[in-house]
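**Student:** Please find one structure pasted underneath; my questions will follow.
FYI, it's all coordinate maths here, none of it is from the lab. Predicted model, so just to flag it, every value in this text is computed and none were measured. Cβ placement follows ideal geometry from the backbone for every residue including glycine, while neighbour counts extend to all protein chains displayed.
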Amino acid sequence: MPEDNQHGNEPDSSQGKAEPQYVTHKQFGELVNKAIHGRFMTFETKLSKSVEESQTALADSIVERLSKAPNPPPKEGEGGDQGAGDDNAQLTAMQRKFERQMAEMERKVQTANEVSQRERQSALNVRLRQEASNALASAGVDGTRINHALGYLVDVEKRISYDDDNSRILFRDEDDMMVPLKDGVTGWSKSDDAKIYLPPRGAQGSGDFKRKKAPTPQGDSEAARKATILSSFGLMGAG
């Protein structure tokens, strides 16, 4: 038994259960963006290292093969032995083989560069859409309409894009000026184009209709009761 209970002490009520912590949409977007950016940087570092190693290996292979290549045959009139013709044929075969290997290595490096470019572009696109979604949510765009607004601004109007070195995401405003993303989206949210993406304000749905209550006639007579019923159905004055 705990010592406090043995002495009749009450348990400390000041230490209650911790309140649950919730992550806002903006905080969630920031966490996702950081994760995407970190993964992209890791991938880019690995790919750059791989391409560099391939280029180094190619250079080393060229040096090694050139060092092992036989001396060229002597020119006419400079003498030589009977095996000069055979050496020349062997050298030609080695040169052709080396050229084929060089072409193959260059093709592999080019393919690696193309893959790197595609992956980089994909990561940039994911980052742009994530940050644009966060900006739209902060500007008050309805959560169910963010994807449509994103497609309109990014794919149709081309108003959200990177700067020249892909370091910042910018927004093209009504004056064709490139401004910071958050500022641009905030300004756009006040335009007529943005109204369809914002939650309705002060609108009442069909469920807000209320039947007008008819006045209750005075008295407890049978005629007053009938008049009340007829009035509730809009039949006052009916025979």
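**Student:** Rg and Dmax of the stretch 90-156, Cα atoms, in Å?
**Tutor:** 23.4, 76
**Student:** So which of K34/K158; K46/K182; K108/K158; K158/K190 end up more than 27 Å apart, counting from Cα to Cα?
**Tutor:** Working: K34/K158 24 Å; K46/K182 32 Å; K108/K158 35 Å; K158/K190 19 Å.
Going by Cα-Cα distance, K46/K182; K108/K158 fall outside the 27 Å limit.
**Student:** Follow-up question, since we're still on this one. What's the exposure ranking of V156, V185, V179, going from fewest to most Cβ atoms within 10 Å? Could you put the intermediate results ahead of the total?
**Tutor:** On the way: V156 8, V185 27, V179 15.
Least to most surrounded, the residues fall as V156, V179, V185.
**Student:** Give me the one-decimal nm value for the distance between modelled label points at T56 and V156, 7 Å along each residue's Cα-to-Cβ direction.
**Tutor:** Result: 5.1 nm between the two label points.
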